[in-house]
Amino acid sequence: MTDERASTLALLDEAVTNGCRFVMACREAGLHPRTVQRWRRLPAGGEDLRRGPRSTPKQKLSDDERTAVVATATAPEFRNVSPKQIVPRLADRGVYLASESTFYRVLHEHDLMTHRSSTKPRTVHRPEEILASGPNQLWSWDITYLPSPVRGRFFYLYLFVDVWSRRIMKAVVHDEESTELASQALAEAFAEHGVKPHVMTLHSDNGSPMKGATMLATMQSLGIVSSFSRPSVSDDNPYSESLFRTLKYAPAYPRRPFRSVDDAWAWVERFVSWYNHEHLHSAVGFVTPDDRHHGRDVDVLVERRAVYEAARRRNPGRWSRTTRHWDAPALVTLNPRDPQTRARAAEMLRVGVAPSTSLVPPNASAVSLTPPRRHAAQMATA
């Protein structure tokens, strides 16, 4: 045993004697406990008798073969081609150097696994962070399938939801999916709820009805800022996706297909009425979306808090700390990037605070409540 190992073992013994756990002492020394145990089993003055592999694997490439792999992958005709293309092309010439996985491994070892193409990979930016401090500032919408009696054909539910209040603002059912029907539903919802121009952002995914020319023209004429998810990323539109799950997992959701568009529309109307006026939504303090949207949620939450405070005064021993926090978030975020923004929104509660734009921190408007820069010209001409 070398002097260095002996001194290390002595230090470990001293640490254990002074109350330190053996495993923690080994971790501080940068050693695995089994390594220390193996050192202790060595005879005095003995050396580590472990040996490496006694034989070379048969499939191991020689140095000349590895050099050939690197030279082939960096040749002018293959420098922009992946190993998946190199291997079959070599096979067509009657040449075998190595498998695809070996090509990848060797190229990784030589730091040659960069983007092997003359074109740059497509860069998809995250959607912009949006904050809402009141109703009709941020809507989300999407389209989902409803089953029809004919296999392979569906009815299409167009659903618009206010992100801040979770209230369903518009729901229509059609037997086709088109940007014209979507723009018509948006215009009707805009007029029904008296939304002011140039204050609302409408978020959706990248489907063709969402980005069609008719829909974009309607949004521009109404003064609505558009916001889109990344392609094939459903998490960027969580509020619509969550609402669809609530709809299709509702106990009243029919087990059989809808007989007609009118049948589907009638059921959707009943669901919307229940959801907006009876459903106690967990994300807004267990009040109905309609109460939240029209500002009645504060009174409801204050009354609940008073009930609990009165119960605590009657029986204070039942609560070791405080009563339940009957609160609701004053700010709602869509696709937050900054953890501080998420924490700030979570800390700002609605009970006891007047619902107004004063809830928004001084620097939040630059982040969320003003239209994105790329839409400034669009909004100016609306």
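Ranking Met113, Met169 by Cβ neighbours within 10 Å, fewest first, what do you get?
Ranked by crowding around the Cβ, least crowded first: Met113, Met169.
Rounded, prolate or oblate: which fits segment 112-270 when a ≥ b ≥ c are the square roots of the eigenvalues of the alpha-carbon gyration tensor, with rounded for a/c under 1.5 and prolate only if a/b beats b/c?
Since a/c reaches 1.5 but b/c is at least a/b, the shape of segment 112-270 is classed as oblate.
For segment 159-193 and segment 230-306, compute the distance between their C-alpha centroids and round to whole Å.
14
Considering only DSSP states other than H, G, I, E and B, which GluC sites (Glu not before Pro) in segment 143-192 qualify as loop sites with at most 14 other Cβ atoms within 10 Å?
Qualifying residues, ordered by number: Glu176.
Order of 14-24, 199-209 by packing, highest average Cβ count within 10 Å first?
Put in order of decreasing packing, that is 199-209, 14-24.
Within segment 174-265, report the chymotrypsin sites (Phe, Trp or Tyr not before Pro) that DSSP leaves as loop and that have at most 13 other Cβ atoms within 10 Å.
Tyr249
Would you calculate the convex hull of the Cα atoms in segment 63-109 and tell me its volume per residue in Å³?
Enclosed volume per residue, from the Cα hull, is 67 Å³.
No lab work stands behind these numbers, since they all come straight from the coordinates. Note that the structure is predicted; figures quoted are calculated from it, not measured. Ideal geometry is used to build each Cβ from the backbone, glycine not excepted, and the neighbour counts take in all protein chains shown.
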